[in-house]
Amino acid sequence: MSTKNLNTAEEYEAYLKELRITYHFECFKENNAEACHLLGDWYAQSNIMKEAIQQYKYACEKFNYARSCYKYGVSLLDGGDVGCETDVKKAMHFTALACEKGEPEGCWRNAQILQDQRRFPEALKGHMKYCDMLHYFSHNSCYDAGLILRSPEEITKMPQDLKKAFEYFSKGCSLGNARACFEVSSAHYFGRGTAKNTKLAKEFRDKAQGLEANRE
């Protein structure tokens, strides 16, 4: 049944019920991993979060379905907000598993968790990997990788690398991250990790301001 042919609330309700039955059958009778994940999405969109979380867990553990591993990991971070206990250790495990199985957002969230725990060498590795994937959130990881590389050694427990920091800020800026563009501007102005160039500093500052203005 196509949603284009649904004219009443009752028809839409019947369509949703049919969809759930289809996903349930394909998941548990046909062992279809994608259907198992879509059943989780169905529960989430219906605001039945406890069932959604259990379904993502099932699809992840039974089929190693990367997107389900990611969504289950994120739910463990959100905890009470979605009706389950917060468990950062498990969230780290499942977001890392999602990343390993090919879910880009898993790499990003896992790196964020590590960064929040001040495990900077591991966080940097994750952010660099996600930055290089050129996914739609990659610009955030490019920026965070640059921040870690720019930070003093006494904070990160690893050598400061201004040249590499400039490289990752530049990647983030090219992907549309305003904060990264401000960092590129600052690097050109002060000569941090690149040659001093006030003309380029102004160009990147203007680009950053333009990106910020477009977000408002």
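The values are calculated or read from the model by the stated rules, or taken from the named source; none is laboratory data. Quick caveat, the model's predicted, so the values are computed rather than measured. Cβ placement follows ideal geometry from the backbone for every residue including glycine, while neighbour counts extend to all protein chains displayed. Side chains included, ligands, DNA and RNA excluded: accessible areas come from the protein's heavy atoms. Shrake-Rupley method; radii C 1.70, N 1.55, O 1.52, S 1.80 Å.
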Quick check on my filter: what residues within region 115-126 are of a type in the set (A, V, I, L, M, F, W, C) and surrounded by fewer than 21 Cβ atoms within 10 Å (Cβ to Cβ)? PHE120
Hey, TYR65 in contact with a helix residue (DSSP H, G or I) (Cβ under 6 Å, 6 or more places away or on another chain), at pLDDT 95 or above and closer than 30 Å to PHE169 by Cβ or not: no
Please state which of the following conditions CYS181 fails to meet, knowing it meets all the rest: (1) over 20 Å from the mean Cα position of the chain (by Cα); (2) open to solvent by 40 Å² or more (accessible area, probe 1.4 Å). (2)
Considering only region 189-207, state which residues are crowded, with 16+ Cβ neighbours inside 10 Å and aromatic (Phe, Trp, Tyr). TYR189, PHE204
Considering region 140-174, residues that are within 24 Å of the chain's Cα centre (by Cα) and basic (Lys, Arg), and then whichever is surrounded by the most Cβ atoms within 10 Å (Cβ to Cβ), we arrive at LYS171
Residue by residue through region 100-114, note down the ones that are outside any helix (DSSP H, G or I) and buried (at least 20 other Cβ atoms within 10 Å of the Cβ). GLU103
Taking region 110-169 and keeping residues among the hydrophobic types (A, V, I, L, M, F, W, C) and within 21 Å of SER75 (Cβ to Cβ) leaves ALA111, ILE113, LEU114, PHE137
For region 163-199 the number of residues that are assigned to a loop (DSSP other than H, G, I, E, B) and over 14 Å from GLY146 (Cβ atoms) is 5
Please verify whether region 131-150 includes one or more residues that are in a helix (DSSP H, G or I) and in contact with a Pro (Cβ under 6 Å, 6 or more places away or on another chain). yes
Looking at LEU97 and the list (1) surrounded by fewer than 22 Cβ atoms within 10 Å (Cβ to Cβ); (2) touching a helix residue (DSSP H, G or I) at 6+ places or on another chain (Cβ under 7 Å); (3) assigned to a helix (DSSP H, G or I); (4) modelled with pLDDT under 95, which single condition is not satisfied? (4)
